[in-house]
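Below are the structure tokens for one structure; questions will follow.
The values are calculated or read from the model by the stated rules, or taken from the named source; none is laboratory data. Source: prediction; values computed, not measured. Note that each Cβ is placed from the backbone with ideal geometry, even for glycine, and that neighbours are counted across all protein chains shown.
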Amino acid sequence: MKKRLMYFIAFAALAALCLGFTGCGKKGNNGTLTIFNYGEYMDMEVLDMFTEETGIKVLYEEALTPEEMYTKYKYGAIEYDLLCTSEYMLQRLMSEGELQPIDIGDMEYSGNIGERYWEFARSFDPENKYVVPYFWGTVGILYDEDKVNAPVDSWDVLFNGEYKDEIIMMKSMRDSYMVALKYLGYSLNTENEDEIMEAHNLLLKQKPDVQAYLVDEARDELVAGNAAMAVIYSGEAYLGRQYGLENGRNLRYVIPKEGSNVWLDCFAVTKHCDDMDAAQKFLDFLCREDVAMMNFEYIYYSTPNEAVIEELSDEERADEALVPSDDAMDNCEVYTMTNTETTEMMNRLWKELGAE
Amino acid sequence: MKKNKTRNSRVWLSSPYILWIAGFTVIPMIMIFHYALTDKNGGFTFANIAAIFEPIHFKAMVFSVEIALGCTVICILLSYPLVMALRHLHMGKQGFTLFILIIPMWMNFILRVLAWQMILSKNGILNLLLTSLGFEPLSLANTSTAIMIGVVYDYLPYMVLPIFNAIADIDEDIIEAAKDLGANGLAVFCKIIFPLSVPGLLSGIVMVFVPSMTSFVVADILGGGKLQLIGNIIEQEFTKNSDWNLGSGLSVSLMIFVLISMAFTSKEDSKGRRESAIW
């Protein structure tokens, strides 16, 4: 009797073990691509179209933030072939040898991506070998014109105490410190401890004035009229303004004059991918005008695809949230990976800010 | 011999349960303890567990205990009057009232919390109601009060149901007898109903205190990211900072704390009463 029970337990443990590892047991190298992307960051019809045209099946996974993506990629049971993430995370993956070079010259539609964006990508991928730009944008302030005393053009409005309880900050470590660092006139990639501490103290002082720290809900809070201003990604701002108009609110997006972050999300091929040909086909497919247009109309972030930009109306092209002007971009910087000590320090300070 | 054999064959019935326990409780626990007791390079350490005493973590822990205690007390205070009222209802009405209480549990937990966010926000339903009645609007959104409202709302049924079960079991004759001997309503409640409801109360406490202490979604949504429970910090260590060792260490400290507080309720219990749900 007792023996039987032991047998059961052993069997159960074994079964559970098998259950746990099925994730990495199978691997689709014959005509299947596993793609990892941010949430709501691709028109799902695009994937069906791709499968229809090429016969390559697509498995699709989503994550919310670059950090979460990294954790899932690194420690998860699924081996992703392609992933789309932000520049500093791509740089980290690159430095850890997780990415495979892509033959960009060989792609039929890579010419659709403007030279300006390849240059952007060179800030972390110097030879344009590993990543293909997907969408890009800026971080700025979305504000309600009827709730502010003067047009907003500076990060100052977030720190001068004038709009107590009307401010929504970003619940994202680097974006929050970016705001404070830029306001203080420092680089957003600084590794200087004093500068980071100064930014941290500013954020601590600001906390009582902040209504909430949000990411995706910020836009809806403004549309609902619960706050006067929010730090927000440009794509969200564009949609926010559209929804705002429907609800009778005059929302405006501005890239503050002190400068901000310009971000670039790119697709890259991981070292787990066995079928480079299929992966490259997919990347090429994403650059094709009609596909890029579908994705653009689904996401409404700024596209690096010049064939799509040409198709836009004058009104859309003049929109700072959709196509940022060169002037506004003057002081903007791309995030680069900070050294380990800085990253750890910022992680610790961010946690402190949350606990305060 | 024969008896032994039937018992033997019945063991098979427990195999799904054993599989479940092994796969989803024992193995994950072993993994958590393994992560908790090692550092990033795999060396043995107690630092991750001791990290609970760092000011940031400790503060979040204290806040979690405050929320959990507050939630438990409020749930108890809300449950007894409700249950006492229910006791005197007819069968049909009783069933209907319990049904009403349980209906919200059919809906997704996150959706219910999001609904509270809509109610409590600045231009939300509550403030709309207050201003139209001529009162000052309240700023409840993103405060600890909002979190408290959220957890109480979510866990109240888990307190009401076990207490109701315990009290519904009480024989009416015992109460009649007490009344015959001159006990008034208060004395009946204090000397009979309450003591007999203790087993239900204890399992209610376990079912409310533990989840409200370890939850993080409510604090995330109703706290607006400004307030952190220990659960939020653990979640962040896993998903954002990819420091699974620290995350596991904090989880283990939290488990230890929960076990200690549960031991406390079981001690109350060992004076000859029925045992609580956990031990």
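Do any helices (runs of 4 or more DSSP H) entirely within the stretch B:32-127 hold 1 or more residues that are touching a helix residue (DSSP H, G or I) at 6+ places or on another chain (Cβ under 6 Å), modelled with pLDDT of 90 or more and not basic (Lys, Arg), and if so, which?
Output list reads B:47-50, B:55-87, B:109-120.
Return the pairs, sorted by first residue and then second, in which the second residue is acidic (Asp, Glu), the first residue lies in the stretch B:199-225 and is in contact (Cβ under 8 Å) with a residue 24 or more places away in the chain, the beta carbons are less than 7 Å apart, and the residues are 6+ apart or on different chains.
Within 7 Å, the pairs are B:LEU202/B:ASP269; B:VAL218/B:ASP154.
What residue, among those in the stretch B:99-122 that are in contact with a Phe, Trp or Tyr (Cβ under 9 Å, 6 or more places away or on another chain) and closer than 16 Å to B:ALA219 by Cβ, is farthest from the other protein chains (Cβ to nearest Cβ)?
Once the filter is applied, the top-ranked residue is B:ARG112.
Of everything in the stretch A:87-100, what is part of a strand (DSSP E or B) and surrounded by 19 or more Cβ atoms within 10 Å (Cβ to Cβ)? Give them in sequence order.
A:LEU99
Ok, one more. Of the residues that make up the stretch A:132-154, is at least one within 14 Å of chain B (Cβ to nearest Cβ) and outside any helix (DSSP H, G or I)?
Yes, the stretch A:132-154 has at least one match.
Here is a list of conditions, (1) within 23 Å of A:THR270 (Cα to Cα); (2) buried (at least 22 other Cβ atoms within 10 Å of the Cβ), and A:THR138 meets all of them except one; can you say which number that is?
The one condition A:THR138 does not meet is (1).
Can you say whether A:ALA237 is more than 11 Å from A:ILE141 (Cα to Cα), crowded, with 23+ Cβ neighbours inside 10 Å and outside the structural domain of A:ILE299 (by TED's automatic domain parsing), as far as the supplied structure shows?
No.
Right, here's the next one. So how many residues does the stretch B:134-170 have that are part of a helix (DSSP H, G or I) and within 14 Å of chain A (Cβ to nearest Cβ)?
Start the filter on the stretch B:134-170 by keeping residues that are part of a helix (DSSP H, G or I), which leaves B:144-168.
Next cut, within 14 Å of chain A (Cβ to nearest Cβ) only: B:144, B:146-147.
So the count comes out to 3.
What's the number of the condition B:ILE18 fails, among (1) at the interface with chain A (Cβ under 10 Å from one of its Cβ atoms); (2) over 26 Å from the mean Cα position of the chain (by Cα); (3) buried (at least 16 other Cβ atoms within 10 Å of the Cβ)?
(2)
Are any residues in the stretch A:176-219 closer than 20 Å to A:LYS147 by Cβ and in contact with a strand residue (DSSP E or B) (Cβ under 9 Å, 6 or more places away or on another chain), and if so, which ones?
If the condition is that a residue be closer than 20 Å to A:LYS147 by Cβ and in contact with a strand residue (DSSP E or B) (Cβ under 9 Å, 6 or more places away or on another chain), then A:VAL179, A:GLN206, A:ASP209, A:VAL210, A:GLN211, A:ALA212, A:TYR213, A:LEU214, A:GLU217, A:ALA218, A:ARG219 are the ones that fit.
Okay, residues lined up against (1) assigned to a loop (DSSP other than H, G, I, E, B); (2) more than 26 Å from A:ASN295 (Cβ to Cβ); (3) within 14 Å of chain B (Cβ to nearest Cβ); (4) of a type outside the set (A, V, I, L, M):
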{"position": "A:ASP175", "(1), (2), (3), (4)": "no, no, yes, yes"}
{"position": "A:VAL179", "(1), (2), (3), (4)": "no, yes, no, no"}
{"position": "A:SER187", "(1), (2), (3), (4)": "yes, yes, no, yes"}
{"position": "A:THR190", "(1), (2), (3), (4)": "yes, yes, no, yes"}
{"position": "A:GLN206", "(1), (2), (3), (4)": "no, yes, yes, yes"}
{"position": "A:ASP216", "(1), (2), (3), (4)": "yes, no, yes, yes"}
{"position": "A:VAL231", "(1), (2), (3), (4)": "no, no, yes, no"}
{"position": "A:GLY235", "(1), (2), (3), (4)": "no, no, no, yes"}
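Something else about it: Would you mind telling me which numbered condition in (1) within 14 Å of chain B (Cβ to nearest Cβ); (2) out of contact with any Lys or Arg (no Cβ under 9 Å at 6 or more places or on another chain); (3) not in a helix (DSSP H, G or I) A:ASP220 fails?
(3)
Take A:LEU158 and decide whether it is closer than 26 Å to A:LEU64 by Cα and part of a helix (DSSP H, G or I).
So A:LEU158 passes the test.
While we're on this one: Could you grab me the full set of residues in the stretch A:307-323 that are under 19 Å from A:ASN112 (Cβ atoms) and buried (at least 18 other Cβ atoms within 10 Å of the Cβ)?
Across the stretch A:307-323, the qualifying residues are A:ALA307, A:VAL308, A:ILE309, A:LEU322.
Criterion first (touching an Asp or Glu at 6+ places or on another chain (Cβ under 8 Å) and either under 19 Å from B:MET255 (Cβ atoms) or of a type in the set (D, E, K, R) (or both)) does B:THR38 satisfy it?
No.
Also: Which is within 14 Å of chain A (Cβ to nearest Cβ), surrounded by 20 or more Cβ atoms within 10 Å (Cβ to Cβ) and assigned to a helix (DSSP H, G or I), of B:ILE193, B:ILE234?
Details: B:ILE193 fails: within 14 Å of chain A (Cβ to nearest Cβ).
Of B:ILE193, B:ILE234, the one residue that is within 14 Å of chain A (Cβ to nearest Cβ), surrounded by 20 or more Cβ atoms within 10 Å (Cβ to Cβ) and assigned to a helix (DSSP H, G or I) is B:ILE234.
Going through B:PHE96, B:PHE58, B:PHE44 one at a time, which residue ends up being within 14 Å of chain A (Cβ to nearest Cβ) and either of a type outside the set (Ser, Thr, Tyr) or farther than 24 Å from B:LEU259 by Cα (or both)?
After applying the criteria, what remains is B:PHE58.
Continuing with this model, one more query. Any chance you could count how many residues in the stretch A:163-189 are surrounded by fewer than 20 Cβ atoms within 10 Å (Cβ to Cβ) and without any contact (Cβ under 8 Å) to a residue 24 or more places away in the chain?
Of the residues in the stretch A:163-189, 2 are surrounded by fewer than 20 Cβ atoms within 10 Å (Cβ to Cβ) and without any contact (Cβ under 8 Å) to a residue 24 or more places away in the chain.
Going by the structure shown, is A:THR336 within 22 Å of the chain's Cα centre (by Cα), of a type in the set (Val, Ile, Thr), over 20 Å from A:GLU45 (Cα atoms) and surrounded by fewer than 16 Cβ atoms within 10 Å (Cβ to Cβ)?
yes
Oh, and also: Kindly indicate whether A:LEU202 is modelled with pLDDT of 95 or more and away from chain B (no Cβ under 14 Å).
yes
Keeping to the stretch B:208-231, report how many residues are of a type in the set (D, E, K, R) and in a helix (DSSP H, G or I).
Residues meeting the conditions: 1.
List the helices (runs of 4 or more DSSP H) that sit entirely inside the stretch A:263-356 and contain at least 3 residues that are aliphatic (A, V, I, L, M) and in the same structural domain as A:PHE120 (by TED's automatic domain parsing).
A:276-287, A:289-299, A:306-311
Here is a follow-up. Please tell me if A:GLU62 is of a type in the set (Asp, Glu), closer than 26 Å to A:THR336 by Cβ, in the same structural domain as A:ASP274 (by TED's automatic domain parsing) and surrounded by fewer than 20 Cβ atoms within 10 Å (Cβ to Cβ). Spell out how you get there, then give the answer.
Details: of a type in the set (Asp, Glu): yes; closer than 26 Å to A:THR336 by Cβ: yes; in the same structural domain as A:ASP274 (by TED's automatic domain parsing): yes; surrounded by fewer than 20 Cβ atoms within 10 Å (Cβ to Cβ): yes.
Against the criterion (of a type in the set (Asp, Glu), closer than 26 Å to A:THR336 by Cβ, in the same structural domain as A:ASP274 (by TED's automatic domain parsing) and surrounded by fewer than 20 Cβ atoms within 10 Å (Cβ to Cβ)), A:GLU62 qualifies.
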